[in-house]
Amino acid sequence: MIDYDEFFDTALSRLKEEGNYRVFAELERQRGHFPSARRYVGDRVQDVTVWCSNDYLGMGQHPKVLAAMQDAVETYGAGAGGTRNISGTTHAHVLLEQELADLHGKEAALLFTSGYVSNWATLTTLASRLPNAVVFSDAGNHASMIEGIRHSGAEKHIFKHNDVADLRAKLQAVDPSRPKIIAFESVYSMDGDIAPIAAFCDLADEFGAMTYLDEVHAVGLYGPRGGGIAERDGLMDRLTIIEGTLGKAYGTVGGYITGSAALVDFIRSFASGFIFTTALPPAIAAAAQASIQHLKTSEVERARHRQMVAKVRRRLDAMGIPHLKNHSHIVPVMVGDPKKCKMISDRLLEDNGIYVQPINYPTVAKGTERLRLTPSPLHSDADLDHLIDSLSALWSHCALARGFNAA
């Protein structure tokens, strides 16, 4: 008979030996003081500055967002009370869905409990229920998209990352009469590169395909109202489905899709990942709506964000610390060794009070291990000085190469 715990322990030991074992930092975010936090290590409490948060603009601490959440708790109480179908649809949910549809210029929107679930449930439902459908999926797509497509059982073709020619070749090889879905992201979270959305839309028009765009790392951050890369580039009307999250730039939690009224109602009616789960708490919906409304009219946060990202890149260049060049807000500092990557992260945290999570396999390919920096508009110049000086010292300690940028 198998010794189950021994099997688990052996697998975990292997992860630790490879330097790929994940350790969670126990943090206490401090209201009004982002990106500062307290870290709990047993009985010890350490003050830290967070440089890897997906709360990209610090909206999780914004006074308007907090006030909306507090008011909603007083109005609605804590939870939604059920699934959306069984007593869980509150006025706050309906208002948020209207706000999201307006954000992306679509007829309707549908809320999910997370961005992962919105991708998984929507792609599973579409690809399994469209007769004889085939899905074309970017090689860099998020696990939630990959799992949704896989679970659908539909035929799939994976095209080279952001490669228009490869996608065209794969579309040409499929029967023109078959339903087609092209699934891709706008900003890719690990490399920070951006999809050629217009070119993909051109192919969709040519070959009669639906387009499914994941904007989770772009909503709130790009476009005049925070509608994402598609809004920035004037392409929202050309996309069949725009999916996003409330858990990153909007500072709360949850996922959503937007599209035509018929499409959204179809997903609402057939997606098990939507139908059979408890609705988001109405206080979360109210807070998210306040965050979206604010970022539709305020450019202050986005402008400061761009400024800090540019400062970080300049300072890394000045120190010769390699980072991936891209046109987004994500700054991947390339280490290329799992053990050194974790060691640098550990030392930054323990010795310098700087929290940057190491990104190792399987999140990224072996040999491309990195520290994923996400500067915010609330980081100070003093925070940046401390980060660069500490990182530079550890770079020398690890005898890592300097003087170039990664391709």
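The values are calculated or read from the model by the stated rules, or taken from the named source; none is laboratory data. Small disclaimer: the values here were computed from a predicted structure and weren't measured. Backbone-built Cβ (ideal geometry, glycine too); neighbour counts: all protein chains shown. To get the accessible areas, we keep the full protein, side chains included, count just its heavy atoms, and leave off ligands, DNA and RNA. Shrake-Rupley method; radii C 1.70, N 1.55, O 1.52, S 1.80 Å.
Checking each residue in segment 160-190 for being farther than 19 Å from Thr124 by Cα and not in a loop (DSSP other than H, G, I, E, B) picks out Val164, Ala165, Asp166, Leu167, Arg168, Ala169, Lys170, Leu171, Gln172, Val187.
Annotation note: Cβ proximity below 8 Å between a residue of segment 285-300 that is within 11 Å of Leu57 (Cβ to Cβ) and open to solvent by 20 Å² or more (accessible area, probe 1.4 Å) and a residue that is not in a helix (DSSP H, G or I) and not basic (Lys, Arg) (sequence gap 6+ or interchain) occurs for His294/His62; Val300/Pro377.
Scanning segment 170-189 for residues that are of a type outside the set (Lys, Arg) and open to solvent by less than 40 Å² (accessible area, probe 1.4 Å) returns Leu171, Val174, Pro179, Ile181, Ile182, Ala183, Phe184, Glu185, Ser186, Val187, Tyr188, Ser189. Scanning segment 322-340 for residues that are aliphatic (A, V, I, L, M), open to solvent by 10 Å² or more (accessible area, probe 1.4 Å) and in contact with a helix residue (DSSP H, G or I) (Cβ under 8 Å, 6 or more places away or on another chain) turns up just one, Val335.
Within segment 354-367, can you find the residues that are over 19 Å from the mean Cα position of the chain (by Cα) and crowded, with 19+ Cβ neighbours inside 10 Å? Steps first, please.
First, pick out the residues of segment 354-367 that are over 19 Å from the mean Cα position of the chain (by Cα): 354, 366-367.
The one that is over 19 Å from the mean Cα position of the chain (by Cα) and crowded, with 19+ Cβ neighbours inside 10 Å: Ile354.
Among the residues of segment 217-254, those identified as within 16 Å of Lys106 (Cβ to Cβ), in contact with an Asp or Glu (Cβ under 7 Å, 6 or more places away or on another chain) and not basic (Lys, Arg) are Gly223, Gly228, Ile229, Ala230, Ile242, Glu243, Gly244. Within segment 54-66, is even one residue open to solvent by less than 50 Å² (accessible area, probe 1.4 Å), at pLDDT 95 or above, farther than 23 Å from Val219 by Cα and not in a loop (DSSP other than H, G, I, E, B)? No - not one qualifying residue is present in segment 54-66.
Is it the case, given these coordinates, that Phe24 is in a loop (DSSP other than H, G, I, E, B), among the aromatic types (Phe, Trp, Tyr) and out of contact with any helix residue (DSSP H, G or I) (no Cβ under 7 Å at 6 or more places or on another chain)? It is true that Phe24 is in a loop (DSSP other than H, G, I, E, B), among the aromatic types (Phe, Trp, Tyr) and out of contact with any helix residue (DSSP H, G or I) (no Cβ under 7 Å at 6 or more places or on another chain).
Which fully enclosed helices (runs of 4 or more DSSP H) of segment 75-159 have 1 or more residues being under 21 Å from Gly251 (Cα atoms) and open to solvent by 40 Å² or more (accessible area, probe 1.4 Å)? Break it down stepwise before answering.
On the way: elements: 91-103, 115-129, 143-152.
Qualifying helices (runs of 4 or more DSSP H): 91-103, 115-129.
Pairs meeting the criteria (first residue in segment 30-51 and within 20 Å of Val309 (Cα to Cα), second residue in a strand (DSSP E or B) and of a type in the set (Asp, Glu), beta carbons under 7 Å, at least 6 apart or on different chains) are Ser36/Asp47. Can you tell which of Val253, Val264 is over 20 Å from the mean Cα position of the chain (by Cα), of a type in the set (A, V, I, L, M) and within 30 Å of Arg129 (Cα to Cα)? The unique qualifying residue is Val264. Do we have Ala393 as closer than 29 Å to Val300 by Cβ and open to solvent by 30 Å² or more (accessible area, probe 1.4 Å) here? So Ala393 fails the test. Give the residues of segment 27-45 that are assigned to a loop (DSSP other than H, G, I, E, B), open to solvent by less than 80 Å² (accessible area, probe 1.4 Å) and either farther than 30 Å from Ala67 by Cα or of a type in the set (S, T, N, Q) (or both), sorted by residue number. Gln30, Gly42, listed by residue number.
Within segment 303-330, residues that are in contact (Cβ under 8 Å) with a residue 40 or more places away in the chain sit with their Cβ atoms under 7 Å from residues that are assigned to a helix (DSSP H, G or I) and among the charged types (D, E, K, R), at 6+ positions apart or across chains, in these pairs: His323/Arg313. Of all residues in segment 310-356, those satisfying the criterion of being in a helix (DSSP H, G or I) and aliphatic (A, V, I, L, M) are Ala310, Val312, Leu316, Ala318, Met319, Met343, Ile344, Leu348, Leu349.
Regarding Phe270, is this residue touching a Lys or Arg at 6+ places or on another chain (Cβ under 8 Å) and closer than 26 Å to Tyr76 by Cα? Let's see the steps before the verdict.
Values: touching a Lys or Arg at 6+ places or on another chain (Cβ under 8 Å): yes; closer than 26 Å to Tyr76 by Cα: no.
No: the conditions fail for Phe270.
When restricted to residues that are in contact (Cβ under 8 Å) with a residue 24 or more places away in the chain and within 25 Å of the chain's Cα centre (by Cα), segment 84-100 contains 8.
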